[in-house]
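Below is one structure; the comments refer to it alone.
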Amino acid sequence: MDQFIEELLAKMTLAEKVGQMTQLTIDTIANGKAYKLDFPLTLNEEQLIEVVQDYAVGSILNVGPLAHTPKRWREIMDAIASKVNKTRLSIPILYGIDSIHGASYVMGATLFPQQLGLAATWNRDLAEKMGEVSAYETKAAGMPWAFSPVLDLGRNPVWPRIWETFGEDVYLAGELGSATVRGMQGDDIGHPHKLAACLKHFLGYGVPLSGRDRTPAYVPARQLAEYHVPPFAKAFAAGAATVMINSGEMNGIPVHSDPAILTDLLRDELGFTGLVVTDWEDIQYLHTRHRVAETQKEAVRMAIQAGIDMSMVPLDFTFTKYLIELVEEGAISEARIDASVRRILQLKRDLGLFKGMVEPQDQYPLFAGAEFKAASLEASRQAIVLCKNEESTLPLQKNQKVLLCGPSADTLRSLNGGWTYSWQGELTDEQSLPFSTIKAALVAQLGTNLTYEKAVDFAKELDIDAAVKAAKHVDVIVACLGETSYTEFYGNIDNLTLEEAQLNLIKALSKTGKPIILVLLQGRPRLIAEIADLCQAILLGFYPGNEGGQALAEILLGETCPSGKLPITYPKHPNALITYDHKHPENLELQGVLGGFKPQFEFGHGLSYTTFAYNNLSLSQSSIHENDVIQVSVEVSNTGQSRGKEVVQLYLSDLYASVTPSIKRLKRFEKIELEAGASKVITFQLSKDDLAFVGRENRWIVEPGTFKVMISDLSAEFVLQKTSKLAKA
Ligand code: BGC
């Protein structure tokens, strides 16, 4: 118990406590209409007084129409603080912001690849660096709380938020998510360069059955425990201070109303003691969308009793009003309110907000500087995946004549995606930013050897004739396709296949006989089965960030050796959206009848300009007992002509188990760099937790039997001896 907090709590009225639990959007203190604020944004004095002084609101979030400079953000923070100082208890406001792939609502900030792109780097250090830079630059703008990272698993490729995830795998997401949290929070969230992370969106948000955002998910308890909980658990273990709740429903229960998830699992089982915030308007949606609450007031009661600490209301005072009434009527106890307010005050204290910890702007000399730029460029380089490269079509030679075409060739929107300067990222190209599109980066390198055929729309018919005509005069075609930026439900689609207009461009160009390099910039794996064979090389970037154009030009020209690996399965057919860790029956191909697992590109796939060979896979034991640690070593050699990075991936397969085992599961990985001709022995350790699964009783167990370890095309088996079932440590 913190004496400071207890003393403060004892002084607070019910209205002040409920105020702390209320979070409103900046729209409520700014001029203009909600969702249509005036631009440039100005604060409204009267509304500011109402929100901060009259209602003693605890938290404000968001940006308005467009990102602000650090200086403008600080003016906004100062204006809010000046009103806080006029309140009875001067409790500081906790400002929260969507700093996604960097301080994405701070003008001039350093933007990294989006999470799915970052996941393609398979590089923990880069994830940590992204977290560090994002925290530093968000704090440079005076804000102490970032709604990031996303720990939802992206296991439905249609879902418009899959690019916000670290992909489909439990281990990869947990490793990169916890590294990001470490980068953002360090050891002390009150440090001037650190802030509070907010894990999103607990729990089961990433697998809507329809693929549309915020539509029902059906997740069996076993899958929830084995797949969806562990990445969050790892990020909690890394110290994540806050968590945001899934807006959707799972198994028919909106998560915001579910005490089994928000209290039994989150608090009691996982031991999370930090702040739980709702997502946007989600208490109201219990009444208006999900229809589990007959009234708004009942929605508030349900959510608070389920375990919510703070409501992202975010546009009015209804939550505040109803919650006060509920306590006064005895439907919710004041002790329940106190539990949430304690957590909110504790977070504010840990962030140093009571000490007025907003450091002067000159404490942030690295903001948007060379060091951060270099880190984001390196992340962009490693985020690009070379999916195909027939007959060494890539890299290009500088004297080759190149036709560049396609709708993603000259736009920063396809490099950055949403949450970039604005929610939908639609204004990115209008900001005169000092970053190169692919076109700008290639012009700088190729000069007059580059011909460019403009295409602006992703869905409408492109000027195919002009591109075909131009192709006749070049040696090679670089066609840039994919998606523009979108966020949340704006990205819902009915068809995962790439738009026909784009497919038609490739089909027509292929008739010229010129080699085609397909560059895909997109937020999810749009299906390309119709054109993949028509392209000699394929490069892929899941929104690789502001430096993505530069990184792609370097890779196209061979200055950088590609090293990205897919963090999701790239499907081939619309009705075969199967993850890599599927079950055996999904892999069968019976009696010539079509079936089996045949994606376009597999999870973990990614080529290089050099080649790697794997040899001497060895296990320290061929037979182990439950508490033994087994060592797995493998020798990796760079057998090509140039230096390159490789991701050594260790998969495990439980050959027989009482719950059908997956074909394989990723258990370890290490990204290494080797000079041409060099070799290195990599050793991994596996222990009981790596062999465990959630059994028939929905509890973690290990079972004796044979396990197969796979690294690249090598494999070896060991036997787990002990017969009794033990709960996971
Ligand atoms: C999104 C969250 C986001 C919040 C605040 C919601 O619509 O689902 O991911 O953090 O808005 O902007």
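The values are calculated or read from the model by the stated rules, or taken from the named source; none is laboratory data. Here the structure is a predicted model, which means the values were calculated and not measured. Don't worry about glycine lacking a Cβ; one is built from the backbone with ideal geometry, like all the others, and counts go over all protein chains shown.
Identify, please: which residue in region 264-280 is aliphatic (A, V, I, L, M) and within 12 Å of Asp309 (Cβ to Cβ) and is, among those, farthest from the ligand (Cβ to nearest atom)? Among those that are aliphatic (A, V, I, L, M) and within 12 Å of Asp309 (Cβ to Cβ), it is Leu266.
Kindly evaluate Val292 against the criterion of being farther than 16 Å from Phe202 by Cα, part of a helix (DSSP H, G or I) and away from the ligand (no atom under 16 Å from the Cβ). Against the criterion (farther than 16 Å from Phe202 by Cα, part of a helix (DSSP H, G or I) and away from the ligand (no atom under 16 Å from the Cβ)), Val292 does not qualify. Checked against the criteria, Leu116 counts as under 21 Å from Asp169 (Cα atoms), in a helix (DSSP H, G or I), in contact with a helix residue (DSSP H, G or I) (Cβ under 6 Å, 6 or more places away or on another chain) and within 16 Å of the ligand (Cβ to nearest atom).
Results for (1) free of Cβ contacts under 8 Å to residues at least 60 places away in the same chain; (2) surrounded by 15 or more Cβ atoms within 10 Å (Cβ to Cβ); (3) not hydrophobic (A, V, I, L, M, F, W, C), shown as yes or no for each residue.
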position	(1), (2), (3)
Asp429	yes, yes, yes
Pro434	yes, no, yes
Asp457	yes, no, yes
Glu461	yes, no, yes
Ala467	no, yes, no
Val474	no, yes, no
Cys480	no, yes, no
Thr487	no, yes, yes
Thr497	no, yes, yes
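Of all residues in region 289-324, those being surrounded by 15 or more Cβ atoms within 10 Å (Cβ to Cβ) and over 30 Å from the mean Cα position of the chain (by Cα) number 12. Restricting attention to region 150-161 and to residues that are touching a helix residue (DSSP H, G or I) at 6+ places or on another chain (Cβ under 8 Å) and closer than 12 Å to Arg212 by Cβ, the residue that is nearest to the ligand (Cβ to nearest atom) turns out to be Arg161. Are any of the residues in region 168-190 crowded, with 24+ Cβ neighbours inside 10 Å, in a loop (DSSP other than H, G, I, E, B) and not acidic (Asp, Glu)? No, the conditions are met nowhere in region 168-190.
Taking the listed residues Ile283, Ile245, Ile261, the one that is away from the ligand (no atom under 15 Å from the Cβ) and either hydrophobic (A, V, I, L, M, F, W, C) or not assigned by TED's automatic domain parsing to the domain that holds Gly307 (or both) is Ile261, with no other qualifying. From the set of residues in region 197-209 that are within 20 Å of Lys129 (Cβ to Cβ) and touching a helix residue (DSSP H, G or I) at 6+ places or on another chain (Cβ under 6 Å), which is surrounded by the most Cβ atoms within 10 Å (Cβ to Cβ)? The residue in question is Ala197.
Selection within region 416-434: residues that are in contact with a Leu (Cβ under 9 Å, 6 or more places away or on another chain) and more than 16 Å from the ligand (Cβ to nearest atom). The member of this set that is nearest to Thr487 (Cα to Cα) is Asn416.
Here Leu534, Leu509, Leu540, Leu520 are screened, and the one residue that is of a type in the set (A, V, I, L, M, F, W, C), away from the ligand (no atom under 16 Å from the Cβ) and in a helix (DSSP H, G or I) is Leu509.
Just one of the listed residues (Gly102, Gly64, Gly96) is crowded, with 22+ Cβ neighbours inside 10 Å and out of contact with any helix residue (DSSP H, G or I) (no Cβ under 8 Å at 6 or more places or on another chain), namely Gly96. The number of residues in region 554-583 that are surrounded by fewer than 17 Cβ atoms within 10 Å (Cβ to Cβ) and outside any loop (DSSP other than H, G, I, E, B) comes to 1. Out of everything in region 213-229 that is within 16 Å of the ligand (Cβ to nearest atom) and within 17 Å of the chain's Cα centre (by Cα), what residue ends up being nearest to Thr273 (Cα to Cα)? Step by step, filter region 213-229, then rank; the result is Arg214.
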